[in-house]
1. Kirkwood Rh, Cα Rg: Rg to Rh for region B:1-90?
2. Among A:47, A:55, A:98, which one shows the highest mean-square fluctuation when chain A is modelled as a Gaussian network with alpha-carbon springs under 10 Å?
3. Short version: ³J(HN,Hα) in whole Hz for each residue of region B:42-55, in order, from phi by Karplus 6.51 cos²θ - 1.76 cosθ + 1.60 (θ = phi - 60°), x for Gly and Pro, what are they?
4. Give me the mean projected area, in nm² to one decimal, of the convex hull enclosing the Cα positions of chain A.
5. Could you run the Karplus curve 6.51 cos²θ - 1.76 cosθ + 1.60 with θ = phi - 60° over region A:12-22 and give me ³J(HN,Hα) per residue in whole Hz, x for Gly and Pro?
6. Using the structure shown, list the pairs from B:68/B:107; A:7/A:65; A:7/B:49 with a Cα-Cα distance above 24 Å, or answer none.
7. Highest first, please rank the peptides B:21-34, A:58-71, A:5-18, B:82-95 by the mean number of other Cβ atoms sitting within 10 Å of their residues.
8. At a 1.4 Å probe, what is the % contribution of carbon and sulfur to the accessible area of chain A?
Amino acid sequence: SAVISQKPSRDICQRGTSLTIQCQVDSQVTMMFWYRQQPGQSLTLIATANQGSEATYESGFVIDKFPISRPNLTFSTLTVSNMSPEDSSIYLCSVRRAGKSTDTQYFGPGTRLTVL
Amino acid sequence: AQSVTQLGSHVSVSEGALVLLRCNYSSSVPPYLFWYVQYPNQGLQLLLKYTTGATLVKGINGFEAEFKKSETSFHLTKPSAHMSDAAEYFCAVMVTHQAGTALIFGKGTTLSVSS
C-alpha cells in the first residue's frame with residue numbers, strides 16, 4: 001500500500017487567487033496523479049505527473065490553469081490558478097504501485113477547496 | 001476507449017439485506033478493474049481489484065466482486081448489509097494512455113442502509 005498526505009486538507013479562497021496543494025508519499029513512486037471531484041460527482045483525472053518529465057494533462061485541463069511540479073519521487077504539487085467558484089472541488093493526489101498482478105492506485109485524503 | 005458504467009446512482013437496502021452494486025465495463029483488452037469506497041468527507045479506500053487469475057475477488061469488509069467477461073460486468077456484492085456500509089462506491093478501470101496508465105472512474109453509486 002502507500003500512505004499519502006495532502007496539505008492543506010481544506011481551504012476557502014477568494015476568486016482570482018491561486019492555491020498550491022502539496023502531496024507527500026511515504027515511499028518512492030514513479031507515477032503520481034491528480035484528480036478533481038466536483039460536488040456530488042465522480043473523480044476526473046486532471047494530469048499524470050511522472051518524475052523527470054513534464055506533466056501530461058487530460059482533455060479539458062491545461063498547464064496554465066493547473067501547473068504541476070514533481071521535484072522528486074515522493075512529492076508533487078498542484079496549483080489551481082486564477083480561481084473561480086467553478087473550481088470549488090475536492091482535489092485528490094494518487095500514486096500507482098505496479099508489480100506482477102498487483103497494479104493498484106492509492107489515494108490521499110483530498111483537499112477540499114471552496115472558492116468564493 | 002475503455003470506460004465503466006455504474007447502473008443506479010442510488011441504492012437503498014435494509015440492514016442485513018443483500019447488497020448489489022452494478023458495474024459494466026467497455027474494453028478492447030483484458031481490463032484491470034477496481035472498486036473503491038468513499039465515506040463522507042474522506043478519501044478513497046480500495047475495496048478490491050481484479051487483474052488476472054480468479055474471477056471471483058474478495059475484498060475488505062465482506063465485499064466481493066465477480067469478473068464476467070461474457071457480460072462485461074464486475075458487480076459488487078455483500079451478503080448482509082451493515083449500517084457502516086453506507087457510503088459512495090466507485091467502479092474504475094485502468095486505462096493506458098500517453099503518460100502510462102491511470103484509473104478512469106464510473107459516476108458512483110450511493111449506498112444507503114436503513115435499520
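The values are calculated or read from the model by the stated rules, or taken from the named source; none is laboratory data. Predicted model, so just to flag it, every value in this text is computed and none were measured. Please note: Cβ atoms are built from the backbone with ideal geometry, for glycine as well, and neighbour counts cover all protein chains shown. We work out accessible area using only protein heavy atoms, side chains counted, and drop any ligands, DNA or RNA first. Shrake-Rupley method; radii C 1.70, N 1.55, O 1.52, S 1.80 Å.
1. Values: Rg = 13.0 Å, Rh = 13.6 Å.
Rg/Rh: 0.95.
2. The residue with the greatest mean-square fluctuation here is A:98.
3. 10, x, 8, 10, 6, 8, 6, 8, 10, 10, 8, x, 4, 7
4. On the way: hull surface 28.4 nm².
For chain A, averaging the hull's shadow over all directions gives 7.1 nm².
5. After applying 6.51 cos²θ - 1.76 cosθ + 1.60, I find 10, 10, 8, 4, x, 8, 10, 9, 9, 9, 9 Hz.
6. Values: B:68/B:107 21 Å; A:7/A:65 19 Å; A:7/B:49 28 Å.
Table pairs above 24 Å Cα-Cα are A:7/B:49.
7. Details: B:21-34: 17.8, A:58-71: 14.1, A:5-18: 12.6, B:82-95: 19.4.
Ranked by mean Cβ neighbours within 10 Å, highest first: B:82-95, B:21-34, A:58-71, A:5-18.
8. Numbers: 2610 of 5430 Å².
The value for chain A is 48 percent carbon and sulfur by accessible area.
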